[in-house]
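Just so it is clear, none of the values below were taken in a lab; they were calculated from the coordinates. Every value quoted in this text rests on a predicted model; they were computed, and no experiment measured them. Every residue, glycine among them, receives a Cβ derived from its backbone with ideal geometry; neighbour counts consider all protein chains shown.
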Amino acid sequence: MLGKKLFDEIANKLGDTIDNSPVKDVEKNVKAMLGSAFTRMDLVTREEFDIQQQVLLKTREKLAQLEAQVAALESRLVEHDGAKVDTDNHNPQA
């Protein structure tokens, strides 16, 4: 029992010493400096990044659908009018 009591006393004294040492102040200052630097870097959280990634994926899917729809409409126009469509400018050529 004496050994356990002695060990607990040493652990408590070491904990108190560390809590009162300059190491705690340095740790606080480093955390504050890093927090300030990260704020200036205009970083986003992982959650915000994942949300934007999902939005981009949906936008790409919608763009692919719209491109396919435009291509289908252009081919119908060519069949109907017999005119060639300039796909770069979306203007019929004579």
Scattering profile of the range 1-43 from the Debye formula, Cα beads only, expressed as log10 I(q)/I(0) at q = 0.24 Å⁻¹, is -0.78
Cβ density ranking, 10 Å radius, fewest first, applied to 4, 24 yields 4, 24
Excluding residues fewer than 8 positions from residue 24 in its own chain, the lysines with Cα under 29 Å of it are 4, 5, 13
